[in-house]
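Remarks on the structure that follows.
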Amino acid sequence: MTAHLKGKLERWHRTFRDHFLAELDVSRLNDLDDLNARLWAWIEQVYHRRPHGGLHGQTPLARYQHDLPNIRTLGHKAAQLDALFHHRIRRKVRNDGTVSYQGRDFEVPYALSGQTVQLVVDPQAETVVGVEDDTGQSVGAATPLDPIANARRRRPAPDDAVSLAGPLVPDGSSPNAVELAYRQYHDQPEREGR
């Protein structure tokens, strides 16, 4: 950290201690939300509206408003901002097509069984949002495993010839539960309202 930024940070802490903490009446605090409300009120009503020597006598609010024409927005890139902070964690896919993260099991594309992949994790929500290969290309989703629903589920053996980039095509030898339900639903006589 440069000396200039370090000095600003030290100045903030001194102002915070000398002006906010010194005048805070802790007997009025009920909980952490109460403390946060008082802090934000002080920042908005006092700190941002008081002239600062480091801003050549301007208030932070006036300086911000002066600089507004020079501030660029993220535009369409704002939606991609969260993805920049996702973590990548290496995991080996078990033979049943699952991986674990923080004591929870996740189902990934079954064709990845036995391979090492990168779980894409949202650290704020502490959830797995996807699976990538070593090059950073998405190879599918990671869904939380429902052990009850998956107890009797039969999976076909992964085909070594299946490309991870292409769609998985069932061989048609034996229909799975989804296919059976689809056939049963569509083979019934037409129902009203359908």
Could you list, in sequence order, all residues of segment 1-36 that are closer than 22 Å to Tyr64 by Cβ and small (Gly, Ala, Ser)? Gly7
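Yes/no per residue for (1) touching a strand residue (DSSP E or B) at 6+ places or on another chain (Cβ under 7 Å); (2) in the same structural domain as Arg17 (by TED's automatic domain parsing); (3) more than 30 Å from His13 (Cβ to Cβ); (4) of a type outside the set (Gly, Ala, Ser):
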site	(1), (2), (3), (4)
Gly53	no, yes, no, no
Gly103	no, no, yes, no
Gln115	no, no, yes, yes
Leu119	yes, no, yes, yes
Pro144	yes, no, yes, yes
Ala79 passes all but one of the listed conditions (1) part of a helix (DSSP H, G or I); (2) farther than 24 Å from Ala142 by Cα; the exception is number (2)
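The values are calculated or read from the model by the stated rules, or taken from the named source; none is laboratory data. Fair warning: this is a prediction, and the values are worked out from it, not measured in the lab. Glycine also receives a Cβ, built like all others from the backbone with ideal geometry; neighbour counts cover every protein chain displayed.
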